[in-house]
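Q: I'd like to ask some things about the structure below.
Values quoted throughout were computed directly from the atomic coordinates according to the rules given, and no laboratory measurement underlies them. What you see is a predicted model, and the numbers here were worked out from it, not measured in a lab. Counting neighbours? That spans all protein chains shown, and the Cβs are built from the backbone with ideal geometry, glycine included.
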C-alpha cells in the first residue's frame with residue numbers, strides 16, 4: 001500500500017501564512033485515495049532521519065522565529081536534509097522556508113545562514129519595502145512533457161529579494177505579481193526534488209493539482225485515483241482571477 | 001484660516017461627498033488633518049473630561065459600545081467614533097462633527113483606534129486612559145508581523161506617560177507594555193472552567209518578550225490569552241485588578257459572569273455571546289473604572305449594551321432569525337466558531353469571504369481558523385463572496401460533507417439561497433466588507449437598521 005510520510009519542520013514556529021493548509025491538503029487527498037499518511041513534527045534541536053520521510057515541508061515564520069529556525073537547521077538538520085534531497089525525497093520550502101533553502105539571507109549588516117540545498121541567496125530590500133499581492137506563475141514540472149504549461153496561483157508577501165545562481169532553474173515564470181526579485185520575471189526554484197516558492201495563501205488549497213503532483217512524486221506513483229475536484233477547481237480559478245489572470 | 005473656517009470647509013466637502021454617494025465617514029476628517037495637522041489635539045482639548053482610547057486586534061467596536069453604555073448611563077455626553085471608522089480620519093471626523101464654534105458638543109471623548117494608527121493618534125489625544133486588549137495575527141499583508149505592532153504600541157505607550165493604562169493581563173504581549181509603569185490597571189479572566197485543552201494552531205506570541213523562552217500556560221482561555229508564566233522568571237502574568245469568574249456561556253445568545261473590582265463583585269448578564277465578549281466586557285469595565293465609574297453603573301451599562309454593527313446582531317428576515325457574526329482573522333473566527341458550537345442542533349450558516357483591502361487581500365487566514373469545530377455541526381453552509389470557493393474548500397477539508405456545501409459567489413443570491421433552504425435560525429459569518437454589504441442588502445430590503453437588535 002502506498003504511503004506518504006511527511007516531515008513538518010518547526011510547525012509551531014514556521015506557520016505564519018497558514019502553512020497547515022498545505023499539510024491538510026496533502027493529508028486529505030491521500031486519505032481519500034487510501035494512501036497512508038503520516039506527519040512527523042521536527043522542532044528546535046530535534047534530529048531528523050533522512051530516510052524516514054518522503055516529503056519535508058518548511059513554511060514561513062516571523063523574523064525572530066525564522067532566525068531561530070535557520071540556526072537550528074544549519075546546526076542539527078543540514079546534513080540529513082542534504083541526504084534526503086540526494087536520494088530524491090521532496091523538500092518543499094514556502095516563503096521564509098524557501099529563503100532558507102539557499103545559501104544565506106542578507107539583512108544589511110546581519111546575515112541568516114541557509115541550508116545550501118540550492119544555489120541562491122536572498123537580500124532584504126534596502127528600503128525595507130515588501131513585495132505583496134496575488135501572484136500567478138507558469139510552470140513545467142515534468143521534463144519532456146508536451147502540452148501547455150500549468151499555472152500556480154497564490155499570494156506573496158516578502159521583504160527579501162531572491163537571486164538564483166547561474167545554473168539554477170526557477171520554479172516558474174511570473175504571469176502576474178512580483179516573484180523572486182520583483183524584476184527577474186522568475187519565481188521560486190526547482191532543482192530535482194527540491195522546490196522553493198514564495199507562493200503561500202496557502203499554496204496547495206489553491207492548486208490541488210500541484211498537491212497531487214507532490215504526492216505522486218513523493219510516493220513514486222505514476223498516477224493517482226481521480227477525486228471530485230469541482231470546489232478545488234473553482235478555488236483555483238478564483239485565485240487566478242484575484243491575481244488578474246483572464 | 002481659523003480652525004472654525006477649516007472645519008466648515010471639511011464639513012462642506014463631506015456633505016458633497018455623501019451627496020455624490022461616496023460615503024464619507026472619514027473623508028471630512030482626512031481633509032481637516034491635511035489643512036490642520038493638529039486638528040485632533042486642538043479639538044480634543046475642548047473635551048472637559050478628556051478622552052479614552054481603545055485598541056486591540058479584536059473587539060474594539062464592541063468594547064467601545066460597552067464603555068459608551070456605561071458612561072452614557074452615568075450622564076456623560078460622548079464624542080465617539082461609533083461606526084468604527086478608527087484611523088486618524090475617522091477620529092477627526094467624530095471630533096469635527098461635534099465641534100460647535102469654539103466649543104464642542106460633548107463632555108468626553110471615546111475613541112477606538114486602529115492598532116496600526118495608535119502611535120500616531122495617542123500623542124495627539126493625550127488620553128486620560130488607554131485600553132489595550134489583545135494582539136492577534138491579523139491581515140499580515142496590511143499590518144505585518146505581530147511583533148512589529150507590539151513595538152509600535154510600546155512607542156505609543158512611552159509617548160503618553162501621563163495616561164492611565166488599562167491592559168489585558170492575559171495577553172503577554174499586551175501585559176508586558178505595563179512593565180516599569182505605575183499607573184496601570186490590569187484585567188483578565190480567572191476561571192479554569194472555560195480553559196481550553198491546549199493552544200490553538202493559530203496562536204502567536206508564545207515566547208517571552210524578554211528572554212525568548214516559551215511561556216508555560218497554566219490555563220489557555222482564548223488564542224494565546226490565559227494564565228502564563230515565563231520559565232526563567234521574566235515577566236510573570238500580572239494579577240488582574242478587574243476580572244471575570246464563574247463564567248457561563250449561553251451559545252450564540254449571551255453570557256454571564258461574576259465581575260470582580262478589587263474586593264467587590266457582582267453578577268453580570270451580558271446580552272452578547274462568547275468568551276470573547278466576556279473579555280470585551282471585563283476590559284470595558286476596567287476602563288470605565290479607570291475613568292471613575294462605579295460598579296453599579298458598570299453592571300447596568302454592560303447589561304444594556306446593544307450589539308455593535310455586525311457583531312452578534314440579530315434581525316428577523318421573513319420568518320427566519322438571522323444572526324450576523326463578523327469574522328476577520330483566525331483568533332476572532334475561532335471564538336465565533338467555538339461559540340457557534342455551543343448552540344444545540346445542526347446549524348445553517350451563510351459564510352461570506354471577501355478579499356478587498358479592509359478584509360485583507362490575503363485569505364490564507366481561513367486555513368488558520370479552526371473550521372473543524374463545525375465539521376459535524378452544520379446542516380447546510382452557503383459560501384458567498386469573492387473567494388466563496390476557497391472557503392468551501394476550507395470547509396470540505398475541515399470535514400464538512402461536500403454535499404452540505406453550496407457555493408454562490410454573489411452575496412444577494414447566496415443570502416436568498418441560504419434563506420430559502422431551511423427554517424429557524426441562520427447564522428451569517430461575513431468578513432468586514434461582506435458584513436457591510438450584507439447589512440446594506442438587509443436595509444434595502446426593508447429590514448430597517450432600527451429593527452436590528
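Q: Would you please put B:353-362, B:412-421 in order of how densely packed they are, using the mean number of other Cβ atoms within 10 angstrom per residue and starting with the highest?
A: On the way: B:353-362: 20.0, B:412-421: 17.3.
The densest-packed peptide leads the list: B:353-362, B:412-421.
Q: OK, next. When Cβ neighbours within 10 Å are restricted to other protein chains, what is their mean count per residue of peptide A:155-162?
A: Details: counts 8, 2, 6, 0, 1, 0, 0, 0.
Mean shielding by partner chains, rounded to a whole number: 2.
Q: Taking R0 as 35 Å, what's the FRET efficiency between residue B:34 and residue B:258 from their Cβ-Cβ distance, rounded to 0.05?
A: The formula returns an efficiency of 0.10 here.
Q: Could you work out how far the C-alpha centroid of the range B:346-378 sits from that of the range A:112-177, in angstrom?
A: Rounded to whole Å, the Cα centres lie 29 Å apart.
Q: May I pose another question? For the range B:85-237, what class follows from the C-alpha gyration tensor (a ≥ b ≥ c being the square roots of its eigenvalues): rounded when a/c is under 1.5, otherwise prolate if a/b is larger than b/c, else oblate?
A: prolate
Q: What's the FRET efficiency of residue B:4 with residue B:445 using the Cβ-Cβ distance as r and R₀ = 51 Å, to the nearest 0.05?
A: Calculated transfer efficiency: 0.75.
Q: With the Cα gyration tensor of the protein assembly as shown in hand, give its eigenvalues times 5 under a square root as the equivalent ellipsoid semi-axes, listed largest first in whole angstrom. List each step's numbers first, then the result.
A: Working: eigenvalues 374, 159, 136 Å².
In descending order the semi-axes read 43, 28, 26 Å.
Q: Another question, if that's okay. Using alpha-carbon pairs under 8 Å, 6+ residues apart, how would you state the relative contact order of chain B in percent?
A: Normalised by residue count, the contact order of chain B is 13 percent.
Q: Take every residue in peptide A:23-29, count the Cβ atoms of other chains within 10 Å of its Cβ, and give the average of those counts. Spell out each step's value before the answer.
A: Working: counts 1, 5, 3, 0, 1, 4, 1.
Whole-number average of other-chain Cβ neighbours for A:23-29 is 2.
Q: With the contact rule set at Cα under 8 Å and sequence spacing of 6 or more, what percent relative contact order holds for chain A?
A: Relative contact order comes out at 19 percent.
Q: On to the next question. Given Cα pairs under 8 Å that are at least 6 residues apart, what percent is the relative contact order of the range B:48-303?
A: It rounds to 20 percent for the range B:48-303.
Q: Could you work out how far apart the two model spin labels at residue B:377 and residue B:357 are, taking each label as a point 7 Å from the Cα in the direction of the beta carbon, and quote it in nm?
A: Rounded to a tenth, the inter-label distance reads 3.5 nm.
Q: Taking 45 Å as R0, compute the FRET efficiency from the Cβ-Cβ separation of residue B:192 and residue A:86 and round it to 0.05.
A: Efficiency at R0 = 45 Å is approximately 0.35.
Q: How far is it, in nm, from the label point at residue B:296 to the one at residue B:105 when both lie 7 Å from their Cα along the line to the Cβ?
A: 3.1
Q: Please list, in order, the residues from the range B:210-226 whose amide nitrogen is less than 16 Å from a point placed 7 Å along the Cα→Cβ vector of residue A:12.
A: Output list for this probe position: B:212-221, B:223-226.
Q: If you take the square roots of the eigenvalues of the alpha-carbon gyration tensor of the range B:48-303 and sort them as a ≥ b ≥ c, do you get rounded (a/c under 1.5), prolate (a/b over b/c) or oblate?
A: Note, shape of the range B:48-303 comes out oblate.
Q: Next question. Please label the shape of chain A as rounded, prolate or oblate, based on the square roots a ≥ b ≥ c of the eigenvalues of the alpha-carbon gyration tensor (a/c under 1.5 means rounded; beyond that, a/b larger than b/c means prolate, else oblate).
A: oblate
Q: Would you mind computing, in nm to one decimal, how far apart the modelled labels at residue B:151 and residue A:76 are, each placed 7 Å from Cα along Cα→Cβ?
A: 2.7
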